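Worksheet: the structure to be examined is printed underneath.
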Amino acid sequence: MKNLTLENITKACQGTYHGDKSLCNREVEGVVIDSRKVKPGYLFVAIDGVKVNAHKFIPDTVKAGALCVVSHEDLGETDFPYILVESTGQALLDIAKLYRDSFDIKVVGITGSAGKTSTKEMIASVAAQKYCVHKTLGNFNNEWGLPITIFGLEEKHQVAILEMGVNHFGEMRRLSSVASPDICLITNIGVAHLEFFKTREGIFREKTQMIQDMKNGGTIILNGDDDLLSQTAPIKGVSPIFFGMGEENSFYADHIKPLGLKGTACTIYLPDEVSFDCVVPLPGIHMVSNALAGAAVGYTLGLTPEEIKSGIEGLPSIPGRNNIIKTERLIILDDCYNANPVSMKASIDVLDMAIGRKVAILGDMGELGDNTGALHREVGVYAAEKGIDLVCGIGPISKELVDGASKGEYAAEGLWFETKAEFLDAMGGLLKEGDNVLVKASHGMQFTEIVEALQTI
């Protein structure tokens with residue numbers, strides 16, 4: 001791998017090299033933290049899990065042909081090379097930064113409370129119309145996932161799109177210092193992870209830390225529809241560019257026409273009075289917002305309006321994220337990868353566009369702090385106000401959601417199930433042919449099981 005010699009890795013980690021000195025100029029063939037993925041010539045970084053000491057797998061990696069190991073334990077005299085560091089987690093980030101800095105490519109950094117992954121996919125679809133794009137896989141956006149993504153960079157890549165997610169104060173700079181983005185984009189400031197950040201203002205402060213590591217001459221792109229982001233003053237002397245639904249934004253949309261679950265037609269406006277009509281192929285007004293984010297990044301990267309339009313309209317669907325599944329009896333809106341109040345309401349908005357009976361199967365949302373009950377109830381009230389016909393809540397906290405849906409001014413039919421098993425037993429008798437069914441919950445609820453079961457009805 002480019003620039004990843006054992007000598008350079010040791011310096012980047014501020015570690016101590018132990019072993020055959022003649023190997024110091026060898027470049028590693030890959031970097032992994034999963035011992036099962038080691039191949040000949042690879043570097044294994046032994047990061048301990050909550051319950052597992054990764055160092056016990058070091059002999060297995062050596063047998064598999066690992067060139068070297070990074071360890072925070074002194075291994076003593078060995079017949080294989082290793083680099084001793086204070087923290088293997090920090091070493092992983094240091095190595096990733098070394099590798100990222102060896103590439104002269106444009107990096108787009110994405111963060112926000114909700115919609116990071118769907119926005120990333122939209123931007124990637126747009127940028128791919130002109131460039132060879134490397135992007136974060138799935139939601140590999142934390143202190144382990146970001147380095148793993150960066151290690152996937154190859155000489156052919158021209159643009160890297162890196163998603164960064166944080167749960168605690170101080171995490172963003174650890175990520176952004178590695179990514180060193182040329183373009184910083186923030187989707188929104190919601191209420192995800194309030195358990196740790198306490199307030200939206202706290203989330204705002206942490207998310208915007210990404211900009212501190214933006215390269216000179218970089219671009220800041222923010223959601224102008226977000227009340228906090230829209231008030232952002234210049235940072236590092238750079239004035240933000242805004243996207244949103246209003247004409248006050250540099251990138252905006254109008255003539256918005258929902259096409260049910262087929263998507264949304266709209267007109268997108270770029271600077272210099274340039275515009276084009278397009279169809280955003282996934283439903284929901286938030287997907288129009290994602291399209292505007294894609295347009296803003298594409299414009300910054302020098303794409304033509306025709307290329308931007310092609311990228312928006314060519315966006316592929318992703319399992320678990322606004323993925324439409326049509327069966328003989330149902331239309332399923334699979335958005336079960338994760339959930340917070342902002343994304344939950346956005347998905348309800350999408351369901352609201354459907355033609356026919358609307359059913360929302362919703363689960364617990366995690367990490368909401370002291371307001372957990374109230375925020376669940378708020379989502380239930382919102383579902384009822386949107387005219388959702390049946391709201392099924394699954395999980396202990398979702399009882400509040402069902403209460404909000406069934407007891408408010410616009411009361412919907414609400415059913416609460418303490419467990420997935422209880423719901424799955426009753427599911428067949430609840431759904432009717434032609435129903436439009438939204439499935440959404442926090443990742444830990446593992447609602448993919450419900451999506452799979454629905455396809456068998």
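Derivation of every value follows stated rules applied to the coordinates shown; laboratory data play no part. Note that the structure is a prediction, hence the values are computed from the model and not measured. Ideal geometry is used to build each Cβ from the backbone, glycine not excepted, and the neighbour counts take in all protein chains shown.
Could you go through the stretch 13-30 in sequence order and give the Karplus-derived ³J(HN,Hα) for each residue, using 6.51 cos²θ - 1.76 cosθ + 1.60 with θ = phi - 60°, rounded to whole Hz, and x for Gly and Pro?
Running phi through 6.51 cos²θ - 1.76 cosθ + 1.60 with θ = phi - 60° gives 7, 6, x, 10, 7, 10, x, 5, 5, 5, 8, 4, 8, 6, 8, 6, 8, x Hz.
Return GLU433, GLU7 ranked ascending by Cβ neighbour count within 10 Å, so the fewest neighbours appear first. Show your work: numbers first, answer last.
On the way: GLU433 11, GLU7 14.
Ascending Cβ contact count within 10 Å gives the list GLU433, GLU7.
Per Stokes-Einstein, at 25 °C and 0.890 mPa s, what whole-number D in µm² s⁻¹ belongs to the chain, with the Kirkwood radius over Cα pairs as the hydrodynamic radius?
104
Would you mind telling me the antiparallel percentage of the DSSP bridges in the stretch 103-313, rounded to 5? Let's see the in-between values first.
Values: 13 of 35 bridges.
So the antiparallel bridges amount to about 35 percent of the total.
For the stretch 320-326, take each phi angle, set θ = phi - 60°, evaluate the Karplus expression 6.51 cos²θ - 1.76 cosθ + 1.60, and give the result in whole Hz per residue in order, putting x for glycine and proline.
Going residue by residue, I get x, 9, 6, 8, 8, 10, 9 Hz, with x marking Gly and Pro.
Long-range amide H contacts for ILE235: which residues qualify at under 5 Å (H placed 1.01 Å from N, peptide plane, sequence gap of 5 or more or a different chain)?
none
Treat the count of other C-beta atoms within 10 Å as a stand-in for reagent exposure and order PHE204, PHE196 from fewest to most.
The order, fewest Cβ neighbours first, is PHE196, PHE204.
Order of THR199, THR372 from fewest to most other C-beta atoms within 10 Å?
Least crowded to most crowded, the residues run THR199, THR372.
Filter the cross-link list LYS37/LYS120; LYS198/LYS326; LYS97/LYS440; LYS135/LYS309; LYS116/LYS420; LYS407/LYS440 down to pairs whose alpha-carbon distance in this structure exceeds 29 Å.
LYS198/LYS326; LYS97/LYS440, as the Cα separations exceed 29 Å there.
With θ set to phi - 60°, apply the Karplus curve 6.51 cos²θ - 1.76 cosθ + 1.60 along the stretch 338-353 and write out the HN-Hα couplings as whole Hz, x wherever there is a Gly or Pro.
In residue order, the calculated couplings are 7, 7, 9, x, 5, 5, 5, 5, 4, 5, 5, 4, 5, 4, 4, 6 Hz.
If you restrict to DSSP beta bridges whose two residues both lie in the stretch 270-418, what percentage is antiparallel, to the nearest 5?
40
Taking amide H atoms as placed 1.01 Å from N in the peptide plane, list the residues 5 or more away in sequence, or in a different chain, whose amide H sits under 5 Å from that of ILE394.
Amide H neighbours of ILE394, under 5 Å, 5+ apart: LEU362, GLY363, ASP364, PHE417.
Set Lys and Arg Cβ to +1 and Asp and Glu Cβ to -1, take the dipole of the stretch 323-454 about its Cα centre, and tell me which of GLY408, THR448, GLY393 lies farthest positive.
Of the candidates, GLY408 comes out farthest on the positive side.
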